[in-house]
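J.: Structure below; questions to follow.
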Amino acid sequence: MTDAGTSGGQIDTGKPHSARMYDYYLGGKDNYPVDAEAAEQVISLFPAAREMARTNRLFMHRASRLLAGRGIRQFLDIGTGIPTEPNLHQIVQGIVPQARVVYADNDPIVLRHAQALLHSAPEGKTAYVHGDVREPGKIIAAARETLDFTQPVALSLVALLHLVGDEDEPGRIVRELLEALPSGSYLTLSHATGDFDPETWERVVEVYRKGGTAAQVRTRDEFSAFFRGLELVEPGVVLAARWHPELGEQRGGEEMPLYVAVGRKP
């Protein structure tokens, strides 16, 4: 596990990493043969993997637009992944130039590309924290250097918690992160589910686990539990394509097995 801080470890090209596999799905170049091989195994089991990654990315865009439009000026994005334009800060600072954004990830290759995440609008600010979501206190402590935790913060855990197994207590992680945020803050989540094809997703999860990632898909009820105590933004917990398509970019076609929701801390 990597500590939150300003420097990261060596890149391990001997086993696949979820962030680099995601980059492969999106057609990026920042992955290694071991990542491509694992990603192709997933695609052989679930041919829509690339489209699901794009669907997830577009949900992040729409959720960020909605929250910026609601006046949120601070964003904490954990599990950032390898930069893919437009990044979250480009979305929100295009609406609110003074917005402050902190990114966090635990893959050293993301650290190498962090400079791409730091080109903020002149009125705003962006920062990068090299840290692991399983150590939420360290991420919060580092984020305090950029964000004002007396004012609302939009916490983004997009396509992240299905890479955290029950053994690492994702519910506790979410609670600890939310406890640090004031009233009026928001939680944005997306999460793969095996509800519609459990056998396929058991095999997909096994590909990730063989590579050392504690992947775990969850049911709608398990996903909804992350929002306990929060006020869900309409339409609540839905598949990604059904969440505010009027905000743009969502393409039609097959619905992906990806639950999404945004909740407000009262």
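The values are calculated or read from the model by the stated rules, or taken from the named source; none is laboratory data. As the structure is a prediction and not an experimental result, all values here were calculated from the model. Neighbour counts are summed over all protein chains in view; Cβ atoms, including those assigned to glycine, are modelled from backbone coordinates with ideal geometry.
J.: Determine the pairs where a residue that is over 15 Å from ASP105 (Cα atoms), located within the stretch 1-26, has a partner that is part of a loop (DSSP other than H, G, I, E, B) and modelled with pLDDT of 55 or more with Cβ atoms under 6 Å apart, the partner being 6 or more residues away or on another chain.
T.: Partner pairs satisfying both residue conditions: THR13/TYR32; LYS15/GLY211; LYS15/GLY212; PRO16/GLY211; TYR24/ASN31; LEU26/THR84.
J.: Then there's this: Would you call VAL133 outside any loop (DSSP other than H, G, I, E, B) and not aromatic (Phe, Trp, Tyr)?
T.: No: the conditions fail for VAL133.
J.: Does PRO122 meet the test of being modelled with pLDDT of 95 or more and of a type outside the set (Phe, Trp, Tyr)?
T.: No.
J.: Say we look at the stretch 128-145 and pick out the residues that are surrounded by 22 or more Cβ atoms within 10 Å (Cβ to Cβ) and hydrophobic (A, V, I, L, M, F, W, C); which of these is modelled with the lowest pLDDT?
T.: In this case the residue turns out to be VAL129.
J.: Let me ask another. Kindly indicate whether ILE109 is among the hydrophobic types (A, V, I, L, M, F, W, C) and modelled with pLDDT of 90 or more.
T.: In short, no.
J.: Filter the stretch 1-48 down to the residues that are polar (S, T, N, Q) and modelled with pLDDT of 95 or more, then identify the one that is farthest from HIS130 (Cα to Cα).
T.: SER44
J.: Right, here's the next one. Assuming ARG50 fulfils every condition listed in (1) assigned to a loop (DSSP other than H, G, I, E, B); (2) touching a helix residue (DSSP H, G or I) at 6+ places or on another chain (Cβ under 8 Å); (3) farther than 15 Å from LEU160 by Cβ; (4) not hydrophobic (A, V, I, L, M, F, W, C) apart from one, which condition is it?
T.: (1)
J.: When you go through ALA215, ALA240 one by one, which is the residue that is within 21 Å of ARG70 (Cα to Cα), in contact (Cβ under 8 Å) with a residue 40 or more places away in the chain and in contact with a Leu (Cβ under 6 Å, 6 or more places away or on another chain)?
T.: ALA240
J.: Oh, and also: Does any residue of the stretch 195-206 turn out to be under 13 Å from PHE59 (Cα atoms) and buried (at least 18 other Cβ atoms within 10 Å of the Cβ)?
T.: No, the conditions are met nowhere in the stretch 195-206.
J.: Here is a further query. If you take the residues in the stretch 105-127 that are surrounded by 20 or more Cβ atoms within 10 Å (Cβ to Cβ) and not hydrophobic (A, V, I, L, M, F, W, C), which one is farthest from LEU181 (Cα to Cα)?
T.: ASP107
J.: Could you tell me which of the residues ASP77, ASP23 is buried (at least 19 other Cβ atoms within 10 Å of the Cβ), within 21 Å of LYS210 (Cα to Cα), within 16 Å of the chain's Cα centre (by Cα) and not aromatic (Phe, Trp, Tyr)?
T.: ASP23
J.: Something else: Would you please name the residue that is modelled with the highest pLDDT, looking only at residues in the stretch 53-95 that are among the hydrophobic types (A, V, I, L, M, F, W, C) and in a loop (DSSP other than H, G, I, E, B)?
T.: Among those residues, the one meeting the criterion is ILE72.
J.: Could you list, ordered by first residue, the pairs with Cβ atoms under 6 Å in which the first is in the stretch 146-172 and surrounded by 21 or more Cβ atoms within 10 Å (Cβ to Cβ) and the second is among the acidic types (Asp, Glu) and at pLDDT 95 or above, at least 6 apart or interchain?
T.: From the stretch 146-172, the pairs are SER156/ASP77.
J.: If VAL102 meets every condition in (1) of a type in the set (Val, Ile, Thr); (2) part of a loop (DSSP other than H, G, I, E, B); (3) under 16 Å from the mean Cα position of the chain (by Cα) apart from one, which number is that one?
T.: All conditions are met except number (2).
J.: Got at least one residue in the stretch 114-125 being in a helix (DSSP H, G or I), among the acidic types (Asp, Glu) and either in contact (Cβ under 8 Å) with a residue 12 or more places away in the chain or touching a helix residue (DSSP H, G or I) at 6+ places or on another chain (Cβ under 9 Å) (or both)?
T.: No, that holds for no residue.
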